[in-house]
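Trainee: What follows is a single structure, and I will ask about it in a moment.
None of the figures in this text is laboratory data; all of them are computed from the coordinates on show. If you're wondering where the values come from, they're calculated on a predicted model, not measured in any experiment. Quick reminder, even Gly has a Cβ in these numbers, built from the backbone with ideal geometry, and neighbours come from all protein chains shown.
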Amino acid sequence: MPGPLIGLKILDLTTVLMGPFATQILGDLGADVVKIEPPEGDPVRHLGPMLNPGMSACFLHVNRNKRSVVLDLKTVEGREAALDLAKDVDVFITNVRPAAMARLKLEYEAVSSVNPGIIYIALVGYGQDGPYADRAAYDDMIQAVCAIPSLIAQVGDGVPRYVPLAIVDRVVGQAAATAILAAVVHKMKTGRGQYVEVPMFETMVPYVMAEHLSGHTFRPPVGEPGYSRLLATSRQAYATLDGHVCTIVYTDKQWRSFFALIGQPDRFATDPRLANLSARTSHISDLYADVAAALKTKTTAYWIDALTENDIPVMPLHNLLSIQSDPHLQAVDFFRTVEHPTEGLMIEMAPMGKWSDSAPDAPLPAPTLGQHTAEILQRKAHKHEN
């Protein structure tokens, strides 16, 4: 399979979303990913709408460009088969808790004993040197301990809700893909593999706190935590005469243009709250409220045209249906109708990026459970015989 990562071999012992998302990113870019599944399969195979057992929509969207091998790692034969496969790969990735991997005798020491140059990636909930090391971790738990629901409560109705996305799994999955590539580059330079731990909690905290540490960045603090612009209660999609529109007025030029557009051309020069970025940030809730009041007076189409003409960022507010008909995504062929060998016609989302050289080929469809077990194990056995 062509692509910038052609030749990179990954043995994938991850399930659910975070790990499979990481390995799909790499598979999309040309890596050869062999997914090891238990006899019952990845749990996500059975989660959500499906046409055939074990082939849920959720599974299809995070497991393309992989081959599936079924092994019962709790048996001696399954463990030995996994170690045999590990001998010939560059990367071994797991999101099974380290203690469980040790019980399976598939911890780093065991795997590196058969492949000293292996890059062993352990996706964990919490760094293994801290008191949370053995705790179970799910997306919601990490959102909570990172204060995300508290932020939502602060700007909403006071109820600490979770972001309605598996946002932690996606962010940490992307971080894991980055860590793998960094370890590959290190190995290219030094010839050495290594153990890499990617914790969900510690990976997510900077995504929240880089802005919201705010005045608590300094010692002693020079203000309260929390970035006021992001916490402005009026920072939201704005109602128009016939719907909603999303815009952000940020720079001097944009604020000047906006007030001129709504018939207040002198406002920028005369309102001290607009004098500079710091002043605007201090009064951002009131200023966003003024924006909201103005946008209610005309239609969504008017504002998209008028704000775009004045180089003020603006986009329509999509829902889960309308985004599928977005003209930009249609133009770049993002939502593609493809035919899966067992599931028939389905929507597939485009792989990442555009490449002038080494462009990845059309993705391989997500595999059925154990689809490649015989092929890969027989090939491995034949290789040993020769």
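Trainee: If you find the alpha carbon centre of segment 333-386 and of segment 249-287, how far apart are they in angstrom?
Mentor: Cα centres, segment 333-386 to segment 249-287: 52 Å.
Trainee: If you rank Tyr120, Tyr288, Tyr138 by fewest surrounding Cβ atoms within 10 Å, what's the result?
Mentor: Listed from fewest to most nearby Cβ atoms, that is Tyr138, Tyr288, Tyr120.
Trainee: Another question, if that's okay. For the Cα atoms of the chain, what angle does the longest principal axis make with the long axis of helix 284-295, in degrees from 0 to 90, nearest 10?
Mentor: So the helix axis and the longest Cα principal axis differ by about 80 degrees.
Trainee: Sum up the charges of everything whose Cβ sits under 14 Å from the Cβ of Ser278, counting Lys and Arg as +1 and Asp and Glu as -1, but leave Ser278 out.
Mentor: Net charge in that neighbourhood comes out at +2.
Trainee: Right, something else. In degrees, nearest 10, range 0 to 90: what is the angle between the Cα axis of helix 18-28 and the longest Cα principal axis of the chain?
Mentor: Once rounded, the angle reads 80 degrees.
Trainee: How big is the dipole moment of the chain about its Cα centre under a simple scheme where the beta carbon of each Lys and Arg is +1, that of each Asp and Glu is -1, and everything else is neutral? Debye, nearest 20, please.
Mentor: Its charge dipole is roughly 500 debye.
Trainee: Using Cα springs under 10 Å in a Gaussian network model of the chain, which residue among His328, His61, His372 shows the largest mean-square fluctuation?
Mentor: His328
Trainee: Helix 200-212 versus the longest principal axis of the chain: what angle, 0 to 90°, nearest 10, using Cα atoms?
Mentor: Taking the Cα atoms of the chain, the angle to 200-212 is about 10 degrees.
Trainee: Quick one: net charge of His186's neighbours, Cβ under 14 Å, K/R +1, D/E -1?
Mentor: Combined, the nearby Lys, Arg, Asp and Glu give +2.
Trainee: Excluding Gly173 itself, what net charge comes from residues whose Cβ is under 13 Å from its Cβ, given Lys and Arg +1 and Asp and Glu -1?
Mentor: -3
Trainee: How are the Cα pair distances of the chain distributed, in percent, across 20 Å bins from 0?
Mentor: For the chain, the binned pair fractions read 22, 47, 26, 4, 0 percent.
Trainee: Taking the Cα centre of segment 238-316 as origin, work out the dipole magnitude from +1 charges on Lys and Arg Cβ and -1 charges on Asp and Glu Cβ, in debye rounded to 20.
Mentor: That gives a dipole near 120 debye.
Trainee: Could you tell me which residue out of Pro43, Val33, Phe335 lies farthest along the dipole of the chain toward its positive end? Charges go on the beta carbon: Lys and Arg +1, Asp and Glu -1, centred on the Cα centre.
Mentor: Farthest along the dipole direction, towards plus: Val33.
Trainee: Right, next: Picking from Gly156, Pro220, Ile93, whose Cα lies most toward the positive end of the charge dipole for the chain (charges on Cβ: Lys, Arg +1; Asp, Glu -1)?
Mentor: Looking along the dipole axis, the top candidate is Pro220.
Trainee: Is it possible to state the helix-based mean residue ellipticity at 222 nm for the chain, with each DSSP H run of 4+ residues giving -39500 (n - 2.57), the sum divided by total residues, to the nearest 500 deg cm²/dmol? What is it?
Mentor: One gets -11500 deg cm²/dmol as the mean residue ellipticity at 222 nm.
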